[in-house]
Each structure stands twice: as structure tokens, then as C-alpha cells.
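Here's the structure, in C-alpha cells; my notes come after.
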Amino acid sequence: MKIKKKASSKYSFQKGFSPIIIVVIAFVVLLGGVFIYSVSKNPAVQKQVELQKSLQNTSQDIPKGNAHWDKSQDLFSQMKKETDTEKIKKLNDQAIQELKAVLDEMPNNARVWDELGNAYTWVSSLDPKAQLDLGLAAYKKAEELDSNNTVYINAVGDQLISMQRYDEAILQFQKTLRLTPNSGYANLSLCNAYKGAKVYDSARESCQKAIDIFTNENKDGKYDSQVLEAKKAMAGIPK
């Protein structure tokens, strides 16, 4: 009598449970797809992605190995440690010249134009009004060269606020918010622009958005100072 050989336990396990395993794997894949979809639709996540893209684009433009650029960064480091206004002026005059020398070599580098704009926000030997105009021109050039970079768009808006050109600043920050609607920084700057233009209801609305965004992202205390700044801006809006 021929005895039928019993299947091995390994074979029995695979044969008996493989459909279950397949179902489980399919379920996990489905959950993964739902998770990825929900994350991609999360405004806070989208904001972080957009900000990261802007920062990456900015850092990629840094002219590494350029002697004039390196010198300008060294001068900025000295300026940040200095307390004597006259010494800061002298250092910044040098930094401005170094950045101009970089632009002679690479006139279409948005990052360098932005840094030149930053230099013009420090004290220098230039006439203050002329310095504001030069700073705005530098920031605008950076935006022109990289028109979707919110870092550069916001810089133009902040400079316009410094010049008390509030209507133009409002339009500038609206550009940023079309690209990144959940930017706490852009909403806070827009609040200040509306406040300067005496459009107080809109200022309060923008300030509240900034407070909400920074608070929601402040799980580890990273945005404590921004939350405080937004609340102070809100408190400073006339009734």
C-alpha cells in the first residue's frame, strides 16, 4: 500500500496562510497610501516643504570658494559682535564693497543680491535714505532673478515697511501667501503692513493667523519668540 507523503509544516504554513499574508500586506499598503495622501494635503506639512524648497534654492546660490564672498561673511561676523557704531559702519562699508565685487563676477546670483540688501539694513557711511533705496533695489533684483522664492519676496516687503510704503508692502506679502498660504512670517509681516496702512480689521485678521500658525507648529518651543512677537503686534493694533 502506497502511503501518501504528508506535506511539510513549512509547506502547510505557506499554503494555509499566504492568502492572509497577502491581505495583510495589501491592507498595510492601503493604509500607507492614505497616510501619504493625508500628509500631502496637510497645510502645515505643505508649508514646511515650501519653506525648505526656498531655503534649498537660497543655499544653492552661495558662491562657495569666492574670496570676496568669504570676506563679506567674515565682516558680517565681526559686525554682529561689535557694539561701536562707527566701527560697524567701517566694517559694513567694506562688506558692501566685497559683495559688489562678487556681483561683478556673477551679476545674476540672487543670493548675493539678497545679501547686499541685508548689508544695506546695517548702518554705514551712506546717506540713510539712499541706503534704504539701495537696499530695496538689491532685494528686488534678487526677487527678479528668483521670482518664486518666498525668502526674497518677503525681503522686499519688509524693506517696504521700513520705508513706510505700506500699500506696496501689502501687495508684496500677498504674493508670498499665494505661494505659501500658511506662512506665519508672511502673515505677521502682512499684519504690520496693514497696521501701518491703518487697515486695522485686516491687521487683526493677519495677526491672528500668524498666532495660530506659530502656535500650532510650536510643539517643541521652537516658535516661542514668534508667538510672542505676533501677540505683541496684535496688542499694538488700535481698537
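Readers should treat all values here as calculations from the given coordinates under stated rules, not as data from a laboratory. Note that the structure is predicted; figures quoted are calculated from it, not measured. Every residue, glycine among them, receives a Cβ derived from its backbone with ideal geometry; neighbour counts consider all protein chains shown.
Once the chain from Lys198 to Val123 is taken as fully extended at 0.36 nm per residue, the excess over their C-alpha distance is 24.1 nm. For the stretch 167-239, the Cα gyration tensor yields ellipsoid semi-axes of 20, 15, 8 Å (square root of five times each eigenvalue, largest first, whole Å). Take each peptide in 145-151, 112-118, count the other Cβ atoms within 10 Å of every residue, and average; sorted highest first, the result is 112-118, 145-151.
By the rule of a C-alpha distance below 12 Å, with chain neighbours fewer than 8 residues away ignored, the aspartates and glutamates paired with Lys100 are Asp114, Glu115.
Computed from the Cβ-Cβ distance with R0 of 22 Å, the FRET efficiency linking Ser162 to Met106 stands at 0.25. Of the cross-linked pairs Lys81/Lys222; Lys71/Lys141; Lys129/Lys222, those separated by over 27 Å at the C-alpha level are Lys129/Lys222.
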